[in-house]
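A quick write-up on the structure given underneath.
Quick note: the coordinates plus some simple rules give every number you see, no bench work behind them. Everything numeric in this text was worked out from a predicted model, so none of it was measured. Cβ atoms come from the backbone with ideal geometry, glycine included; neighbour counts cover every protein chain shown.
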Amino acid sequence: MSAFIWRGNVQSGWVDYNGHMGDFAYAIAFSQTVTAFMDVLGLDAAYRAQTGATLYTLEMRIGYQRECHEGDSLEIRLHILQADSRRLHLYLEMVDARGAALAWNEQVLMHVSRSGPRPKAAPFLPRTAQRIRELMACTAPSETSRQPRLNRTSMHSATCSIWSREMKQKVSGKTGPIQNNIDPEA
């Protein structure tokens with residue numbers, strides 16, 4: 001079951017030069033879903049004006065599974081995987097009208113106060129934290145969706161450490177030249 005569902009259609013401005021929904025548009029649709037979900041949590045425009053606080057996106061990953069085209073119906077199912085006093089870890093599934101998977105999205109968001117001279121992480125208000133706990137109790141990604149692989153490092157840190165390790169090996173000369181398996185005679 002999902003904590004929240006957003007429904008819409010592929011807009012003409014979302015179609016790229018290939019004639020299907022561009023990669024940038026998936027991010028727009030996922031972002032619009034999270035913005036609508038903020039209203040459900042009580043983090044709406046009135047809350048933002050009153051408290052000076054909002055959600056900032058810390059990390060976002062998108063996996064593309066199938067093309068969609070202008071006018072196609074979209075449904076985005078939002079799940080809360082984890083939460084603490086300041087952060088939300090979300091998983092979103094985009095499906096078409098038949099329920100076929102189009103894309104997945106994983107996000108880490110932080111509740112931030114902008115009332116001081118600089119934005120600063122801030123705990124959720126108790127009523128918001130309670131709402132998050134209630135929604136977490138009834139949400140889980142579908143059995144057929146991509147399941148996020150979580151570990152103690154962030155996605156960014158893991159990527160940087162892999163890149164760093166590979167670069168250190170290349171610089172130190174511990175690896176040979178890149179090999180390809182293409183037969184030049186074929």
Within region 15-102, which trypsin sites (Lys or Arg not before Pro) sit in a loop by DSSP and count at most 11 neighbouring Cβ atoms inside 10 Å?
Arg98
Placing one equal point scatterer on each C-alpha of region 1-104 and summing with Debye, one gets log10 I(q)/I(0) at q = 0.19, 0.22 Å⁻¹ equal to -0.97, -1.19
